[in-house]
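First the structure, in the form of structure tokens, and then the observations on it.
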Amino acid sequence: MSPKNFAHRVLQQQPPRHSDPQQQQAGSSDFQPKGGKPQQQMGEGSYEATRDYQKNIKDYLKDADVEADAKAAKPKSAEEARDIEQAEEEGKSHSRAKGE
């Protein structure tokens, strides 16, 4: 846009907002941990979550009876096996990956 046309452009204004006293105000510490160093927000795939998951799996495999858990997870009947298979197919139908 040339500087000449810029002066004639109309800027749109945001409608006025009414403040809500329940909303967090800028600079408020209501949602911050109390005392000590503030925690860094962690999202999906954080290093801490990965370490926790790996530790939990290692502890499970060390202490659990995996064979008994596998037997307990088997379908109890042919009907239950069909239900599980149908649920799996339903889940796959929502996947973007074809054939998996």
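Of all residues in segment 56-100, those satisfying the criterion of being surrounded by 10 or more Cβ atoms within 10 Å (Cβ to Cβ) and either among the hydroxyl-bearing types (Ser, Thr, Tyr) or not in a helix (DSSP H, G or I) (or both) are Tyr60, Ala64, Pro75. Residue pairs whose Cβ atoms lie under 6 Å apart, separated by 6 or more positions or on different chains, with the first residue in segment 66-77 and within 18 Å of Glu88 (Cα to Cα) and of a type outside the set (Gly, Ala, Ser) and the second modelled with pLDDT of 90 or more and surrounded by 10 or more Cβ atoms within 10 Å (Cβ to Cβ), are Pro75/Ala81; Pro75/Ile84.
The values are calculated or read from the model by the stated rules, or taken from the named source; none is laboratory data. Fair warning: this is a prediction, and the values are worked out from it, not measured in the lab. Reconstructed Cβ throughout: ideal geometry from the backbone, glycine too, with neighbour counts over all protein chains shown.
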